[in-house]
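Colleague: The structure is given below, and queries will be raised subsequently.
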Amino acid sequence: ELKVEQNPLFLSMQEGKNYTIYCNYSTTSDRLYWYRQDPGKSLESLFVLLSNGAVKQEGRLMASLDTKARLSTLHITAAVHDLSATYFCAVDMDSGYALNFGKGTSLLVTP
Amino acid sequence: NAGVTQTPKFRILKIGQSMTLQCTQDMNHNYMYWYRQDPGMGLKLIYYSVGAGITDKGEVPNGYNVSRSTTEDFPLRLELAAPSQTSVYFCASSLEKKAFFGQGTRLTVV
């Protein structure tokens, strides 16, 4: 059974601090996706990581992929309140291009 | 750009009633999906379609049906609604790697 595990599931951090969210998965997929969801809203694509060693950055967020370790990280640099949201990682299923999601990391950035 | 449009946004159903959640996309994507999201959980795949006329079951298909008569539309049908179907439903479409999600339908079955 394909598993996607994120940790932590809840994260409260102060503005200006750095932190990393981890995503472990059990498939041999070489593609991994990060999404953001604001409360009561839809999912917004953040990053699509397509190969081993891929690194992508946008603003204060940087995502990386290690397919050998089956691990992706989402690093937050100098957090700001606007980053408060739930972050999901996901990997491909064998069903079209459907995704298998982790449970999500609920991030709260406080002053 | 409309993207993926879902209707309705909210709905309350009584146990045993049926309804159809509508989903349409204007990006000419071949792949479409229905997911459900329960509190504290990720999204679970209900059904998916790789093109018009082709549908297949996902992880949690029981109690649902779909059809895909056109590229644009992928409705999800609930027959005999049950409390366990209380959830937020997301429709999505993709060309290949990147999926685009609708705004969701919040369904409560009482």
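Colleague: Exactly one of these conditions fails for B:Tyr89: (1) more than 13 Å from the chain's Cα centre (by Cα); (2) within 13 Å of chain A (Cβ to nearest Cβ); (3) not small (Gly, Ala, Ser). Give me its number.
Modeller: (1)
Colleague: Looking at the stretch B:78-107, which of the residues that are more than 24 Å from B:Met27 (Cα to Cα) and hydrophobic (A, V, I, L, M, F, W, C) is surrounded by the fewest Cβ atoms within 10 Å (Cβ to Cβ)?
Modeller: In this case the residue turns out to be B:Leu80.
Colleague: Being within 14 Å of the chain's Cα centre (by Cα), away from chain B (no Cβ under 11 Å) and buried (at least 18 other Cβ atoms within 10 Å of the Cβ), is that true of even one residue in the stretch A:94-102? Working first, answer last.
Modeller: Start the filter on the stretch A:94-102 by keeping residues that are within 14 Å of the chain's Cα centre (by Cα), which leaves A:99-102.
Now restrict to residues that are away from chain B (no Cβ under 11 Å): none.
No, because not a single residue in the stretch A:94-102 is within 14 Å of the chain's Cα centre (by Cα), away from chain B (no Cβ under 11 Å) and buried (at least 18 other Cβ atoms within 10 Å of the Cβ).
Colleague: Report the residue count in the stretch A:11-50 for those that are out of contact with any strand residue (DSSP E or B) (no Cβ under 7 Å at 6 or more places or on another chain) and of a type in the set (Ser, Thr, Tyr). Walk me through it before giving the result.
Modeller: Taking the stretch A:11-50 first, the residues out of contact with any strand residue (DSSP E or B) (no Cβ under 7 Å at 6 or more places or on another chain) are A:16-17, A:26, A:28, A:30, A:39-41, A:50.
Now restrict to residues that are of a type in the set (Ser, Thr, Tyr): A:26, A:28.
Residues meeting the conditions: 2.
Colleague: Now a separate question. So which of A:Thr67, A:Thr110, A:Thr73 is touching a helix residue (DSSP H, G or I) at 6+ places or on another chain (Cβ under 9 Å) and surrounded by fewer than 21 Cβ atoms within 10 Å (Cβ to Cβ)?
Modeller: Details: A:Thr67 fails: touching a helix residue (DSSP H, G or I) at 6+ places or on another chain (Cβ under 9 Å); A:Thr73 fails: touching a helix residue (DSSP H, G or I) at 6+ places or on another chain (Cβ under 9 Å).
Going through A:Thr67, A:Thr110, A:Thr73 in turn, just one is touching a helix residue (DSSP H, G or I) at 6+ places or on another chain (Cβ under 9 Å) and surrounded by fewer than 21 Cβ atoms within 10 Å (Cβ to Cβ): A:Thr110.
Colleague: When the stretch B:23-45 is examined, which residues are found to be aliphatic (A, V, I, L, M), surrounded by fewer than 23 Cβ atoms within 10 Å (Cβ to Cβ) and more than 8 Å from chain A (Cβ to nearest Cβ)?
Modeller: Answer for the stretch B:23-45, where residues must be aliphatic (A, V, I, L, M), surrounded by fewer than 23 Cβ atoms within 10 Å (Cβ to Cβ) and more than 8 Å from chain A (Cβ to nearest Cβ): just B:Met27.
Colleague: Go through A:Ala78, A:Ala69 for me and flag whichever is more than 21 Å from B:Met41 (Cβ to Cβ), part of a loop (DSSP other than H, G, I, E, B), at pLDDT below 95 and over 15 Å from the mean Cα position of the chain (by Cα).
Modeller: Numbers: A:Ala78 fails: at pLDDT below 95.
A:Ala69 is the lone residue from the list that is more than 21 Å from B:Met41 (Cβ to Cβ), part of a loop (DSSP other than H, G, I, E, B), at pLDDT below 95 and over 15 Å from the mean Cα position of the chain (by Cα).
Colleague: A further question follows. Assess whether A:Asp94 counts as being over 12 Å from A:Tyr33 (Cα atoms), among the charged types (D, E, K, R), modelled with pLDDT under 95 and not in a strand (DSSP E or B).
Modeller: Numbers: over 12 Å from A:Tyr33 (Cα atoms): yes; among the charged types (D, E, K, R): yes; modelled with pLDDT under 95: yes; not in a strand (DSSP E or B): yes.
So A:Asp94 fits the description; yes.
Colleague: Within the stretch B:95-110, identify whether any single residue is modelled with pLDDT under 95 and either at positive phi or more than 14 Å from chain A (Cβ to nearest Cβ) (or both), and answer yes or no.
Modeller: So far as the stretch B:95-110 goes, no, none of its residues is modelled with pLDDT under 95 and either at positive phi or more than 14 Å from chain A (Cβ to nearest Cβ) (or both).
The values are calculated or read from the model by the stated rules, or taken from the named source; none is laboratory data. Everything quoted here is computed from the prediction, not taken from an experiment. Cβ sites come from the backbone with ideal geometry, for glycine too, and all protein chains shown count toward neighbours.
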